[in-house]
Every structure is written in structure tokens, then in C-alpha cells.
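Data first, discussion second: the structure below is written as C-alpha cells.
The values are calculated or read from the model by the stated rules, or taken from the named source; none is laboratory data. Treat the numbers as computed from the prediction; the structure is a model and nothing was measured. Ideal geometry is used to build each Cβ from the backbone, glycine not excepted, and the neighbour counts take in all protein chains shown.
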Amino acid sequence: MSMIAAFYSGKSILITGATGFMGKVLMEKLLRTSPDLKVVYILVRPKAGQTLQQRVFQILNSKLFEKVKEFCPNVHEKIRAVSADLNQNDFAISKEDLQELLSCTNIVFHCAATVRFDDNLRHAVQLNVTATQQLLLMASQMPKLEAFIHISTAFANCNLKHIDEVIYPCSVEPKKIIDSMEWLDDAIIDEITPKLIGDRPNTYTYTKALGEMVVQQESENLNIAIVRPSIVGATWQEPFPGWVDNLNGPSGLIIAAGKGFLRSIRATPMAVADLIPVDTVVNLTLAVGWYTAVHRPKSTLIYHCTSGNLNPCNWGKMGLQVLATFEKVPFERAFRRPYADFTTNNFTTHYWNAVSHRAPAIIYDFYLRLTGRKPRMTKLMNRLLRTISMLEYFINRSWEWSTYNTEMLMSELSPEDQRVFNFDVRQLNWLEYIENYVLGVKKYLLKEDMAGIPEARQHLRRLRNIHYLFNTALFLIVWRLLIARSQMARNVWFFIVSFCYKFLSYFRASSTLKA
Ligand SMILES: CCCCCCCCCCCCCCCCCCCCCCCCCCCC(=O)SCCNC(=O)CCNC(=O)[C@H](O)C(C)(C)COP(=O)(O)OP(=O)(O)OC[C@H]1O[C@@H](n2cnc3c(N)ncnc32)[C@H](O)[C@@H]1OP(=O)(O)O
Ligand SMILES: NC(=O)C1=CN([C@@H]2O[C@H](COP(=O)(O)OP(=O)(O)OC[C@H]3O[C@@H](n4cnc5c(N)ncnc54)[C@H](OP(=O)(O)O)[C@@H]3O)[C@@H](O)[C@H]2O)C=CC1
């Protein structure tokens, strides 16, 4: 019997960010392994014209929840969606709901965050710092609370090269930042943002670091732990391999490469690609919840959920496996044949951006205009290049994360728990994982049917022929222009033609003699 699963039975669990990528997988695993838990409270905001109930219904009817519904058909009865907006004061939770949450919650998993790299500082602080502080305040009023698990990121301290499982202070106190966001106007905030984030690449990593400081400062009377995942990718094993439902991290780039938009990327092939499957993160998080509640460590423990030091893989190897998988399972209606290379300096990056990204987009838009359609490729390409520029920081550097606490926790688990809540990334076969990841992107993100593969191959063959035709035509045009303008080009042309003629004459003569 799994001790962790048994621990969650009968418990009331509060999850923030349950509609997000990680939150969904966390909720699914909890309900599948501990169907006897009392209730899962999820803080949800109405969004995109959908009510709370519609959002929850959509999640529970997704492919991700198919397996849990086999075990526990009335899974929806275990979930209680509470209307809440983490950007609002007191999260805009009704009095009755708040009362219930405060009096019943045993465990809190705080996953909600803004993970956008381009968020303005005010919004990123509101969600990643102020909301964390408010949630901790709520938690301190929960008499039955056994553990509070905060999800941070391994990149919160990406300005350092070696990162230990400790909280590193930021130069300005989070409380001061929170206060200043209340009275500074947007223009001033934009001006001071680069100074505040310092050598971090974006507001996301900075505000996640501030969030950790808040956790540390409020941790006095609470039993808290922090989990720091690196780049979270599709599921490795559970509930099935390759599940993914958003474009963050590598997923968007896999689509862009598979559809032939992304042909080169500025990346360091030998840099460690610290990817971690989402089910591994969730297993560790649940194990941390159990350990923190049962063993009540004296200080706030931080757990790195990373792969680099236990089972390293680099971007070069991953990229090649991504491309190899496109050969086996091509994506439908590609813009160009998938081919991508890593560039390593400014000059080649600009050159390939012009030749492989912008020029084809302009030519395609010209074709769309000619055929009476609205041009859209240049806009899309600009957006892709902007996205890539924001991710480049992470694919051109390597970090070392120590994992003593994570390894200690692994050794504390029973063999059954090590199996059911497996977070031992040493067992991961990267090539198999990447292949399943690409397949998952095709199936669950692009919603493409496997039956469409022959047609996709046919389409790629057509693109290859168009490519050859285009290159030949381009060559002839350039050559024709050269001949018209330069005596030297004419001489070279005359030489090649006469050489070919002589070769053919000799070949014909020798074959006549043989006959
Ligand atoms: C040896 C040589 C080998 C040769 C082999 C060569 C092979 C080469 C390549 C092969 C294929 C690639 C394989 C892997 C390559 C490397 C991948 C590296 C990824 C690394 C990521 C690391 C980041 C992790 C750091 C920290 C981890 C965390 O803690 S946080 C979680 C991560 N957060 C994010 O990823 C958020 C990023 N997103 C954003 O910040 C924003 O979305 C944005 C700024 C990127 C865009 O904002 P914008 O307002 O413009 O638009 P938005 O409304 O959000 O979306 C616009 C359209 O763009 C689509 N979109 C969104 N995100 C992405 C994305 N990540 N990639 C691509 N597209 C994206 C979005 O859907 C919108 O589309 P439309 O609706 O169609 O307009
Ligand atoms: N994905 C990754 O690569 C990594 C993620 N992390 C961390 O993991 C955690 C989860 O990330 P992930 O699941 O990928 O992120 P997602 O963007 O998929 O999910 C974010 C969640 O936060 C919720 N949320 C955002 N704003 C509000 C709000 N104002 N009120 C209520 N809820 C809100 C979202 O709700 P809604 O659906 O309504 O928008 C969503 O459920 C985050 O803390 C992140 O920092 C750490 C390392 C890597």
C-alpha cells in the first residue's frame, strides 16, 4: 500500500492554478491514486466567456481525465470549484466559500502564476508575489493545515550558475516592491523594471524569486516546502505518455519546427537541456506534501525538480531526435519541409532569419495577395521570432542545480511509493521521451489524426518538389542576369556548355564503338 496515497485519503486539498498545465496533472494524479480523499478545492476564475462550471466540465471531459474516470466515475463530486481571482483583494472569494476553505483545508498546493516572460512588472508582482503573500495569510488562518507547498521555478535564480536548494535574497525586499506597485505609475514601473530585474532575463524569473522570499518570510508558523521544477514538458508515463496542452517551453517550438516555420534557432547544442516531465514534477510535489506534513521538517525545505545533474541531455541531441520523429510522424499541412539547425553567432542568426524565415514568409504573403487572400505569414513569423528571442537565454546556457533534498526524499519513500510516485529521472530514456513528446504535440495540441500521416507525407513530397523547382528557377534567373551583364560569366557559361557537349559526344562515340 502506498503511504503517500493513504496520506491523502480523507483530506481536503486546496489547489491554485488547477486549470493550468501542471495543476491539471496534479489534480488527476491525486484523484487517481487517492480516490478516497475528501475534497479538492480549486480556485478558478471565469474566463473567455465560460462559467466556472463549464471550465471544470471541460477539464474533466478531456483526454487527461479518461483514466481516472475509469477508476472513479463520480470524480466530479470530489472537486469543488471556488470562484476566485488571484488578482483581486482577498481573491474575490465569497464569505461562505472563504469560511469553508479556512476551516476545512488540510493541504495547499500553490501552482497559480503568470509564466509569461513579457508580463509587465506590476502584473507579475501581483500574481507571483502579492497573491502568494495573501494565500499564505489565508493559510495561517487554517487550523487544520498540515502543509503548504509552493511551486516555484528552478530558474528563479538563473542569474547564478550553480544553484543550491536554498532561498537567495533579492536586492530589494518583496514588501517594498509590493508597496511601490500600488503608487508608482506604469511609465515609471517600465523604467525601473530593467534595474530591478538586474541580470535576470525577465519579470517572470524575478517575481518568482521574490515569491520565494515572501514564502520564507511568512513561513514562521506554517509548515512549508518549495518545489522548483526546471523546464516542464509533456508527461513521461502518466496517465499516458506525451500528454501536453499548452505551447510553453519547447512545445510551441516543436510545432513551429514540425510545421516548417522554424528552420534555425540560436542555441548551444552542447548546453544542458534541463527538461523535466510534468508527471515527474507532480509525483515529487505529492511526495513533498506527504513528507512535509508527516515529518514536519524544522526549516522550509526546497526541492529541485531538475534532470541535468542526474540524467543530462543536451539541446543538440534533443533537436536531432525531434527532427528524426518528424520523419516518422510528419505534421499535417506543413509550410515547408521540417529542417532546423542551430546557429551560434549573431551574424549567422541574422542571415538565417532573413533567408529561412523572413524571405519565405514575404514570398508566401505575396502569393496570398496574388490569389486575393489576406497576407498573414510575415506577422506570424515576426511573432515566432519574438518568442524565440525570449527563449534564447535558456537554450544557450547551462546551470547546475543541487538535488540533495530531492534525493533524500527519494530515499525516504517505500519501494511502493517509489513506484507509484516515481520522480527518479535517472530512469528516463530521453530519445523515447522526446519521440512521445512530439507525438503528444501532434495528437493533443494539434489534434491531428494518425490516419492523416500518408497525406502529410505526400504533402511533404510536394513541398520538396516545389523547393527543387524554386531553386532551379532561381538559379537560372540569377545566371541569366549574370550572363547578360558580365563577359566573364558568358565565358564561363560557354566553357561549361562546350565541355558538356564534348563529354556527351565522347560518351556517344565510345558507346557506338562498343556496340
Ligand atoms: C547539433 C545540431 C543539432 C541540429 C538539430 C536542430 C534542431 C533544431 C530545433 C528543433 C526543434 C526544437 C526542439 C527544441 C528546441 C529548443 C526549445 C527550447 C525551449 C526552451 C524554453 C525554456 C524556457 C523555460 C524557462 C523557465 C521555465 C519556467 O519556469 S516558466 C514556463 C515557461 N513559460 C513559457 O514558456 C512562457 C513563454 N511564453 C510567453 O512568454 C508568451 O507567450 C510570448 C511572449 C512567447 C508570446 O506572447 P504574445 O503576447 O506575443 O502572444 P501570446 O498571446 O502569448 O501568443 C501568441 C501566439 O504565439 C503562440 N505561442 C505562445 N507561446 C509560444 C511558444 N512558447 N512557442 C511558440 N508559440 C507560442 C500562441 O499560441 C499564439 O498563437 P496564435 O494564437 O496562433 O497567434
Ligand atoms: N511550465 C513550466 O515550464 C514551468 C512552470 N513552473 C511553475 O509551475 C506553476 C504552474 O505552471 P503552469 O501550470 O505551467 O502554468 P499555466 O500558465 O499553465 O497555469 C497557470 C495557472 O494559474 C492560474 N491563474 C493565473 N492567473 C490567475 C488569477 N488571476 N486568478 C486565478 N488563477 C490564475 C491560471 O488560471 P487560468 O486558467 O484562469 O488562466 C492557471 O490555472 C507555476 O507556478 C510556474 O511558475 C515552474 C517551472 C517550469
Review point. Residues M318, M408: which one is at pLDDT 95 or above and under 30 Å from W290 (Cβ atoms)?
Key: M408
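Conditions tested, residue by residue: (1) touching a Ser or Thr at 6+ places or on another chain (Cβ under 9 Å); (2) within 13 Å of ligand 2 (Cβ to nearest atom); (3) within 17 Å of F148 (Cα to Cα).
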site: I42; (1), (2), (3): yes, yes, yes
site: K47; (1), (2), (3): yes, yes, no
site: K63; (1), (2), (3): no, no, no
site: L101; (1), (2), (3): yes, no, yes
Exercise for review: Select, from Q126, Q99, the only residue that is modelled with pLDDT of 95 or more and surrounded by 13 or more Cβ atoms within 10 Å (Cβ to Cβ).
Suggested key: Q126
Check your understanding: Out of curiosity, is V108 more than 27 Å from R80 (Cβ to Cβ), crowded, with 23+ Cβ neighbours inside 10 Å, more than 11 Å from ligand 2 (Cβ to nearest atom) and in the same structural domain as T203 (by TED's automatic domain parsing)?
Key -> no
Check your understanding: Here is a list of conditions, (1) among the aliphatic types (A, V, I, L, M); (2) surrounded by 12 or more Cβ atoms within 10 Å (Cβ to Cβ); (3) more than 16 Å from ligand 2 (Cβ to nearest atom), and V441 meets all of them except one; can you say which number that is?
Key -> (3)
**Study point:** Condition met for G258 (in contact with a Pro (Cβ under 6 Å, 6 or more places away or on another chain) and away from ligand 2 (no atom under 16 Å from the Cβ))
**Key:** yes
Exercise for review: Please state which of the following conditions M138 fails to meet, knowing it meets all the rest: (1) within 26 Å of the chain's Cα centre (by Cα); (2) away from ligand 1 (no atom under 14 Å from the Cβ); (3) of a type in the set (A, V, I, L, M).
Suggested key: (1)
Exercise for review: Test each condition in (1) touching a Phe, Trp or Tyr at 6+ places or on another chain (Cβ under 9 Å); (2) surrounded by fewer than 16 Cβ atoms within 10 Å (Cβ to Cβ); (3) part of a helix (DSSP H, G or I) for I254 and report the one that comes out false.
Suggested key: (2)
